[in-house]
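Student: Below is a structure I'd like to ask you about.
The values are calculated or read from the model by the stated rules, or taken from the named source; none is laboratory data. Nothing here was measured: the structure is a model prediction, and the numbers come from that model. No Cβ is skipped: glycine too gets one built from the backbone with ideal geometry, and neighbour counts run over all protein chains shown.
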Amino acid sequence: MSNLRISEAAELLGVSDDTVRRWIEQGRLTAVQLPNGRKGVEGRELAEFLRATAEAPEPGVTVAASARNRFRGIVTRIVKDTVMAQVELQAGPFRVVSLLSAESVDDLGLEVGKVAVASVKSTHVVVEVPER
């Protein structure tokens, strides 16, 4: 089972540490005690919280855009059969989905609630700047 410090949970949620503490006080998240005696959040619960509260960004006018190559997030879902797997990662407000072998999921020890990094390599990257 993966437990996260409050600061790690806050970073993954895209909010402040104080917001996570407030959500714990309000009962929206449950605190666990970490080995160092401080409060933390259980990774699986955080993943469920992210799935329940994730909203697609509002479509709007693009001010500026450029793809980033690495997305640090938390695994929110794994669908696996004997050969292939679909892994969903919530990185702040962004949902990243990857298809990989079931063997890779096992080798990486991926499970819901675990922190992971999605690296994106593309031969075509679009950079946009809208009219002013």
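Student: Return the pair list, or none, for Cβ contacts closer than 6 Å from residues in the range 40-54 that are under 15 Å from ARG21 (Cα atoms) to residues that are in a helix (DSSP H, G or I) and modelled with pLDDT of 80 or more, at least 6 apart or on different chains.
Tutor: Cβ pairs passing all conditions: VAL41/ALA9; LEU46/ALA9.
Student: If you check VAL79, VAL83, VAL61, which single one turns out to be among the hydrophobic types (A, V, I, L, M, F, W, C), at pLDDT 80 or above, loosely packed, with under 14 Cβ neighbours inside 10 Å and more than 17 Å from the chain's Cα centre (by Cα)?
Tutor: Going through VAL79, VAL83, VAL61 in turn, just one is among the hydrophobic types (A, V, I, L, M, F, W, C), at pLDDT 80 or above, loosely packed, with under 14 Cβ neighbours inside 10 Å and more than 17 Å from the chain's Cα centre (by Cα): VAL83.
Student: What do you reckon, is GLY14 more than 19 Å from the chain's Cα centre (by Cα) and modelled with pLDDT under 95?
Tutor: no
Student: Which residues, counting only those in the range 70-104, are within 19 Å of VAL15 (Cβ to Cβ) and outside any strand (DSSP E or B)?
Tutor: GLY92, PRO93, listed by residue number.
Student: Still on this structure, I have one more. Taking the conditions exactly as written (exposed (fewer than 11 other Cβ atoms within 10 Å of the Cβ), modelled with pLDDT under 90, among the β-branched types (Val, Ile, Thr) and more than 20 Å from LEU46 (Cα to Cα)), does VAL120 satisfy them or not?
Tutor: Judged against the criteria, VAL120 is not a match.
Student: Now for a separate question. For VAL97, indicate whether it is β-branched (Val, Ile, Thr) and at pLDDT 95 or above.
Tutor: No.
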